[in-house]
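No value in this document is a laboratory result; all are computed from the given coordinates. Just so you know, these numbers come straight off a predicted model, no measurement behind them. Cβ: placed from backbone, ideal geometry, glycine included. Neighbour counts: every protein chain shown.
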Amino acid sequence: MVWYSLAMQDLFDNFEKQAVRVETLPSYKVEGGYRHYLDFLEGKPARGDAQWCSDLKKWTGEGKKIKRIRVISGNLTPYEKFEFYCYHENFAAGEEIYVVSREKYDELVAAKTAGDFWLFDNAIVCKMSYSESGEYLGFSTSEDADYVQQHMQLFSELEDNVAFGYRQVVKQINNSETVISFDKGKNEIR
């Protein structure tokens, strides 16, 4: 099963040019993909969502853009490591993935735009709701021009403050502790 709900399927089926995502939690317990994460913790190879990658290939093959900004802290959680191991599949299917520090995110975000969201064609905001432990609770959508503009601006500001592309992080991740430094002007991975 795809990580997104069937109710969201219309948003993905009908966007025309671009879908962008801001992903903020240190861990998610989303149906389908969570089983792959538990397998990863048991030492099995990381694998992503095959249906999502198939959809990505279809959309990007149609000339549509899919972008993700992943917010992380300096010490990657086991879930974040799992995600970065899987991102190569997303990237190969056409998704653009960028990393922003949690500190920079917190500095830029207002309470009303905080949290995970999708923005479709700069016209529809799909706010994602999760429990404190990362369980998916649902979503709400808005086409309110001011609300959409806030999210467009936030995504743009986050893009302007990208610390790493996913490839730079993936090259450094292994099963030991990975520390990512977001020092001013000197981003590095140790």
Using alpha-carbon pairs under 8 Å, 6+ residues apart, how would you state the relative contact order of the range 21-189 in percent? 26 percent
Treat each spin label as a single point 7 Å out from the Cα along the C-beta direction, and report the S129 to A114 distance in nm. 1.7 nm
As a quick test, which of the pairs K17/K127; K58/K112; K29/K65; K17/K67; K44/K81; K29/K81 have an alpha carbon distance above 22 angstrom in this structure? K58/K112; K29/K65
Which residues among the range 69-86 fall inside the zone where the amide N is under 19 Å from a point 7 Å beyond the Cα of E42, along Cα→Cβ? 78-79, 82-83, 86
Exposure-ranked with fewest Cβ neighbours within 10 Å first, E159, E132 stand as E132, E159
Give me the distance between the Cα centres of the range 117-137 and the range 39-108, rounded to whole Å. 15 Å
May I ask you to compute the full-extension gain from S27 to S73, defined as 0.36 nm times their residue separation minus their alpha-carbon distance, rounded to one decimal in nm? 15.4 nm
Can you give the extra length, in nm with one decimal, that the chain gains between D146 and E62 once fully stretched, where that is 0.36 nm per residue apart less the Cα-Cα distance? 27.3 nm
